[in-house]
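Presented below is the structure to which this report refers.
The values are calculated or read from the model by the stated rules, or taken from the named source; none is laboratory data. What you see is a predicted model, and the numbers here were worked out from it, not measured in a lab. Positions of Cβ are generated from backbone atoms using ideal geometry, with glycine treated the same way; all protein chains shown enter the neighbour counts. Side chains are part of the model used for accessible areas, which takes the heavy atoms of the whole protein and leaves out ligands, DNA and RNA. Shrake-Rupley method; radii C 1.70, N 1.55, O 1.52, S 1.80 Å.
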Amino acid sequence: MTEKTYNNMIRRENREAIAILFIDVAQRSMNVFAPGMIEAIAEAATDAATDDAVTGIVITSGKDNGFMAGADLNMVEAWADPARTAASLLAEVSKLGDTFRSIETCGKPVVAAVNGLALGGGLELALGCHYRVVTQGAKYGLPEVGLGLLPGAGGTQRVMRLVGLQAALPILMQGKPMSGEKAVEIGLAHEAVPQEQVLDTALRALAEGRVTAQAAWDDKGFQIPGGNAYAPQNAVALTAASTLSHVATKGNTTAALAILRCLHDGSMLPFDQAQKMEQKYFVQLLRSPAALNIVRTMFITKQAADRLKRRPAAPAKSAMRRIGVLGTGIMGAGIAEVTAAAGIDVVMVDRSEDIAKASRARIAAGLDKQIARGRMSAVKRDKILSHLHVGADVTAFKGCEMVIEAILENTEVKHQAIREVEAVLEEGAIFATNTSALPIDELAKASARPQNFIGLHYFSPVPKMALVEVISGSATSEACLARAMDYLAQTRKTPVIVNDGYGFFTTRCVDAYLREGMHLLMDGCDPAVIEKAGEALGMPVGPLCLGDEVGNDTVHHISHFFETRESGEIGADRARSHLVLDQLDQDGRAGRKAGQGIYQYGADGSKRIDRDYLAQFAKADAPITLDAARERLLYAQLVEAARCWDDGVIEDAAEADLAACLGWAFPAYLGGPMAAIEQIGSAEFAARCADLARSAGARFTLPAAFANARGDVRYYGRAA
Ligand code: NAD
């Protein structure tokens, strides 16, 4: 029977002398630390601890989908507001850890009945209890490092004290979740049982007197398993982890380093002091721009896009049952696979039935590989394959609600295909093109029903890349946009709406990054320095390597297409990179697929920069440092993004930033190009661009909005 409820978030029931606190945050499908939650827990725990009739406490979830997912990210975003003072932030975030500590020291045995998933703050709450019963197979983890943060409610200290410093390293530094069984095996939890037995098991542990009302570290003689940071094996492990984290982050984010400091220093301090120190590091990270950027772009904006925030309100949500894919090469096959995986029938058509059949067979082989790696069941593979049908020609598209075209990137070829396919489709069916650069309005000229014509720009490899740039032409109807977005949600893709224009948003910006590598080469920068500069910025690969991977022939094609749209001094300056691209094209150096490009590729999979070949491109030999190259590689992308804004291609800063981070792996710690410009400060940014335009070339010239705005350009909140 419910005794009392707290903030509509916790309800207390008594079972004889045991107080059970059910966490059940109203209006949330999953429990999270929403505002008011910590006060609710503190009050509920204090009430139970001071109630003479209560001999033990169980904390569990009132929801059947898990214990607790962690902090509400909107709350984290509010914490990370740069306007807040460090002192007020520390006072607020300390409440979480201090409350868990008061539960741990309340004098009565407290058991966490962790009935399902517990992540971040949810797991930290469980760690603050004296005994943990977890669910077999459910996920447990501290993923804060991935947000540019650390577990700041005692997590670093309790994990280390429970499992030892070395074993704590991967848990905290990688942030990957583990199963309930694994949590028991390493000592993070006491028992793992099926979900429906969790509460009874917790009650039994109390009834049988197996729970001591004190944490092991509150015992006078407590020693961390394996010793403190000075124990030789721990010192070695900390040094190795520090090096590895620096290699992985290039020093661009400091969360991993802060975790190492918490472990190192915390291993030599009593718990309460160690926790205070952890809270200070947590606040420091919250006040670094990286955490705000990552949380805002990769979580808050992504979740909003996944929920189709920008979908037109009408018509009502719909689901597709049968779609067609024209062109079954790299992209078409990927689109077919993710669509079939969502349970939608797909008709695959190519220039011949044999080509489409071979493509289907390649998808099957890929699924087999996943089975061999234990990532997919045979049942799931068979289900996906049962949705993949091969058609002899476009007449097989009859009855499809949408056809996605992924054929040759050529306007005439696409025009012809549009006419042929539309002739087969019913009146209301959608024609979507996966073009990476051709304007939708130009392609729609061949469409008899331009209101049903839309761009869906996927990224390669399609099954792995979440983003799809959605481009409406001037005639595309809201209904077409809404239905296309519903389909993307069905196939678990993240849609970002951009406006029509050559290269849309992502292709233009990634092209700018790639070609800045070539400009650097021509300016005499050492190619290895160019590549390292890209990596130091936080891009997954350097710009020269990226060209080789994408295919220098494709880059050549796109950049010449862009040239037809660009004029004046800026266009002429950008086009200088054709010196390199034309030569690579002439010499058959398309990149990895050709066995040679900027790099030479060995049969054994090795590769090395072909310095002898590249020497011909250096037109100057002014030494360019890694820092200068890094700045140019960043600014080339930022300037292009600012131009896309000026051209009206993008109009939602948060979504543009999301498209950048998901689409071409723009570093998430910067939040995206729009966030980066705001953080540099638009006046400072404009001044550096002016310097670069003078020293490196006119392509760094900013659009008119900057000149007119007198150094106050904001993308978030107010239009530039
Ligand atoms: P691909 O060469 O791998 O595949 C193209 C397929 O289309 C081939 O199987 C070819 O036989 C078929 N085809 C060509 N003309 C056809 C026609 N008239 N009718 C039927 N089939 C035809 O090319 P891809 O990399 O998959 O690219 C396809 C489209 O997707 C292009 O417009 C490209 O710009 C775009 N795109 C590519 C990428 C990428 O990374 N590869 C990313 C985004 C968008």
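Structural remarks
- At most 10 other Cβ within 10 Å, DSSP loop - trypsin sites (Lys or Arg not before Pro), the stretch 398-474: K464
- Net charge, D553 excluded, C-beta distance under 15 Å - Lys, Arg +1, Asp, Glu -1: -3
- Using a probe radius of 1.4 angstrom, the carbon and sulfur fraction of the accessible surface of the chain is 53%.
- Distant-in-sequence amide H partners of I10 (H built 1.01 Å from N, under 5 Å): D24
- Using θ = phi - 60° and Karplus 6.51 cos²θ - 1.76 cosθ + 1.60, couplings along the stretch 313-321 (whole Hz; Gly, Pro as x): 5, 10, x, 4, 4, 10, 10, 8, 10
- Per residue, the solvent-accessible area of the stretch 589-661 (1.4 Å probe, heavy atoms of protein chains only, all protein chains present) comes to 43 Å².
- Sorted into 10 angstrom bins from 0, the C-alpha pair distances of the chain split as 3, 13, 20, 22, 20, 14, 7, 2, 0 percent.
- All Cα-Cα distances of the stretch 322-499, cut into 10 Å bins from zero to the largest, leave 11, 42, 36, 10, 2 percent in each bin in turn.
- Computed on the stretch 438-553, with alpha-carbon pairs under 8 angstrom and 6+ residues apart, the relative contact order is 20 percent.
- Dipole magnitude of the stretch 322-499, debye to nearest 20 (Cβ charges: Lys/Arg +1, Asp/Glu -1, about Cα centre): 860
- Residues H415, H190, H519, sorted by accessible area with the largest first, give H190, H415, H519 [1.4 Å probe; ligands and nucleic acids excluded].
- Using only side-chain charges placed at the Cβ, +1 for Lys and Arg and -1 for Asp and Glu, the dipole size of the stretch 506-707 relative to its Cα centre rounds to 360 debye.
- Size of the stretch 1-120 from its Cα atoms: along the principal axes, largest to smallest, the extents are 49, 29, 21 Å.
- Rounded to the nearest 10 degrees, the inclination of helix 527-537 to the longest alpha-carbon principal axis of the chain is 40 degrees.
- Cα-derived Rg to Rh of the stretch 83-207, Kirkwood definition: 0.99
- With Cα atoms, 0 to 90° folded angle of helix 552-563 axis to the chain main axis: 70
- Positive-end extreme of charge dipole, the chain - chosen from A86, A594, V110 (charges on Cβ): V110
- Here is the size of the stretch 79-125 from its Cα atoms: Rg then Dmax, 14.1, 41 Å.
- Qualifying aspartates and glutamates (Cα of each under 20 Å from Cα of K276; at least 8 residues distant if same chain): E39, E92, D98, E104, E124, E144, D218, D219, D265
- When the Cα positions of T701, G671, V346 are compared along the charge dipole of the chain, V346 comes out farthest toward the positive end, with charges on each C-beta of Lys, Arg, Asp and Glu.
- Pairs beyond 29 Å (Cα-Cα), from K369/K493; K302/K445; K369/K593: K302/K445
- Computed from Cα positions, the angle between helix 353-372 and the longest principal axis of the chain comes to roughly 20 degrees.
- Rounded to the nearest 20, the size of the Cβ-charge dipole of the chain about its Cα centre is 840 debye, with Lys and Arg at +1 and Asp and Glu at -1.
- For the stretch 2-287, projected area of the alpha-carbon convex hull averaged over all directions, nm²: 14.2
- Spherically averaged projected area of the stretch 304-404 from its Cα convex hull (nm²): 7.6
- Size descriptors for the stretch 379-435, from the alpha-carbon set: Rg then Dmax equal 13.1, 42 Å.
- In straight-distance terms, cross-link reach from K182 covers every one of the lysines whose alpha-carbon lies under 22 Å from its own, apart from those fewer than eight places away in the same chain; here that gives K139.
- In order along the stretch 130-135, phi translates into HN-Hα couplings of 7, 8, 10, 9, 10, 9 Hz, rounded to whole numbers, per the Karplus curve 6.51 cos²θ - 1.76 cosθ + 1.60 with θ = phi - 60° and x for Gly and Pro.
- Net length gained if the chain between R351 and E478 were fully extended (0.36 nm per residue, minus Cα distance): 42.5 nm
- Share of alpha-carbon pairs per 10 Å distance bin for the stretch 506-707, given as whole %: 9, 37, 38, 14, 2, 0
- Count Lys and Arg as plus one, Asp and Glu as minus one, and take only other residues whose Cβ is under 13 Å from that of Y601; the net charge is then +1.
- Sites excluded, GluC sites (Glu not before Pro) in DSSP loops with at most 12 other C-beta within 10 Å, longest stretch of the chain: 428-720
- 14 Å beta-carbon shell around I407, net charge (K/R +1, D/E -1): -3
- The stretch 279-359: translational diffusion in µm²/s, Stokes-Einstein, Kirkwood Rh over Cα pairs, 20 °C, 1.002 mPa s: 130
- Among P194, S359, S288 the positive-end extreme of the charge dipole of the chain (Cβ point charges): P194
- Zone residues, the stretch 245-273, relative to Y230, backbone N less than 16 Å from point 7 Å out along Cα-to-Cβ: 264-270
- Dividing the Cα radius of gyration of the stretch 616-720 by 2.2 N^0.38 Å, with N the residue count, gives 1.10.
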